[in-house]
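The structure under discussion appears below in the form of C-alpha cells.
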Amino acid sequence: MRWTQEQFDEHNRRLAEGKARRLAQNPVPQPPVWDGALAKEEGKAGNSGRFRVRIERRGVRLIDPDNVCPKYFLDCCRYAGLIPDDRAQDIELQVTQTKVGKKADECTVIEIERLG
C-alpha cells in the first residue's frame, strides 16, 4: 500500500496523540539474570536433584492458560544445561501470567531454583 503525503502526515499526527498503533516495535532485549551454573554443580548429600522452574508471562493482555506453552522455554533451559532434564521427576513446573500496563513492559521471566 502506498500512502499519500496527507495520509502519512495524518498517521504521524495520530501517533503523536496516541490514537494510532505503531506498525512495528523494536523492544530492547533484557540481559539475563544469572546466579551461576546450576546444572554443573555436583549433587550434595540429601539433595533431591530436582528444580522448581517458574515461567511467568507478562503481557498487556492475558491469554488462555493453554496458550502459555512452556515447552519451548523448558527445552531451551535443558539445552543450555540449566536443568538436567524436563521430566516430571526432575522439575516442578509453575506457569503464571501477569498483566502489565505498557507493551514495553511485556516479557517472559524464567526462574530456576534448586529444591532439596
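None of the figures in this text is laboratory data; all of them are computed from the coordinates on show. Note that the structure is predicted; figures quoted are calculated from it, not measured. Quick reminder, even Gly has a Cβ in these numbers, built from the backbone with ideal geometry, and neighbours come from all protein chains shown.
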Using alpha carbon positions and the Kirkwood radius, the Rg to Rh ratio of region 40-116 is 1.05
Given the candidates Leu115, Thr98, Leu82, the one whose Cα lies deepest towards the positive end of the charge dipole of region 40-116, counting +1 at each Lys or Arg C-beta and -1 at each Asp or Glu C-beta, is Thr98
